[in-house]
Amino acid sequence: MDGLRLLKHLMVPGWWARRVFRAADRKAIHAAIAASERWHRGELCLVVEGPMPVSVSLRGTSARQRAIQLFSRFGVGATREASGILIYVQLLDRRVEILADRGIAERVEQAAWDRLCRAMEASFRQGAWRRGTLEAIDGATQLLRAHFPARRDDNPNELDDRPRML
């Protein structure tokens, strides 16, 4: 991690993520994820992180590497059909990473998720945090409906739909 990036991660307070994504935003995102999952068998998990922990920052961890760590931590890879999707927002770096578990990755190419990431980042550059996130959830919903549609009597909600704020 370069010196300026490290300094930002060390100096910005942890509560900053909650200031960017206020309670009303988190509530809208929670509702959007819950509504999305009625249409497909995917399990969406949104993690928003302000500064990375000191131990993670000192190792120079990239947003992608951090997303991989959090994928495991939040059980995204432990769904019954390997249908977890992690949307990781690294606020300080203004980076977004979407990781799909193997059941989804077999059907949806990473390039489709990367396009959603870049669109979110573009919205974030304009300060449109809520809009960018909701549009990404909608984009994920469309992909998952096409490739991993819900089953009428078998679509359990395996992951908490609330955004995780770190």
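To the nearest ten degrees, helix 23-36 and the longest principal axis of the Cα atoms of the chain are 30 degrees apart.
Please work out the Cα convex hull volume for region 1-146 and give it in Å³ per residue. Kindly include the intermediate steps, with their values, before the conclusion.
On the way: hull volume 15.0 nm³, N = 146.
Enclosed volume per residue, from the Cα hull, is 103 Å³.
Given R0 = 22 Å, the distance between the Cβ atoms of R5 and A111 translates into a calculated FRET efficiency of 0.25. Taking Cα atoms only, the orientation of helix 129-147 departs from the longest principal axis of the chain by about 30 degrees. Extension gain for V54 to R38 (0.36 nm times residue separation, less C-alpha to C-alpha distance): 2.0 nm.
Find how much the distance from V12 to A150 grows on full extension, using 0.36 nm per residue of separation minus their present alpha carbon separation; answer in nm with one decimal.
Values: separation 138, 0.36 × 138 = 49.68 nm, distance 4.10 nm.
The V12-A150 span can extend by a further 45.6 nm.
Estimate the FRET efficiency between A82 and R162 by the formula 1/(1 + (r/R0)^6), using the beta-carbon distance for r and 25 Å for R0, to the nearest 0.05. Given R0 = 25 Å and the Cβ-Cβ separation, E is 0.70.
Taking every alpha-carbon pair under 8 Å whose residues sit at least 6 apart, the chain reaches a relative contact order of 34 percent.
How charged is the neighbourhood of R5? Take every other residue with its Cβ under 15 Å from the Cβ of R5, and add Lys/Arg as +1 and Asp/Glu as -1.
Numbers: positive: K8, R59, R64, R66, R94, R95; negative: D2, E49, D93.
Result for the local shell: +3.
Computed per residue of the chain from DSSP H runs no shorter than four, each worth -39500 (n - 2.57), the mean residue ellipticity at 222 nm is -15000 deg cm²/dmol.
Just so you know, all these numbers are worked out from the coordinates, no wet-lab data involved. Note that the structure is predicted; figures quoted are calculated from it, not measured. Neighbour counts are summed over all protein chains in view; Cβ atoms, including those assigned to glycine, are modelled from backbone coordinates with ideal geometry.
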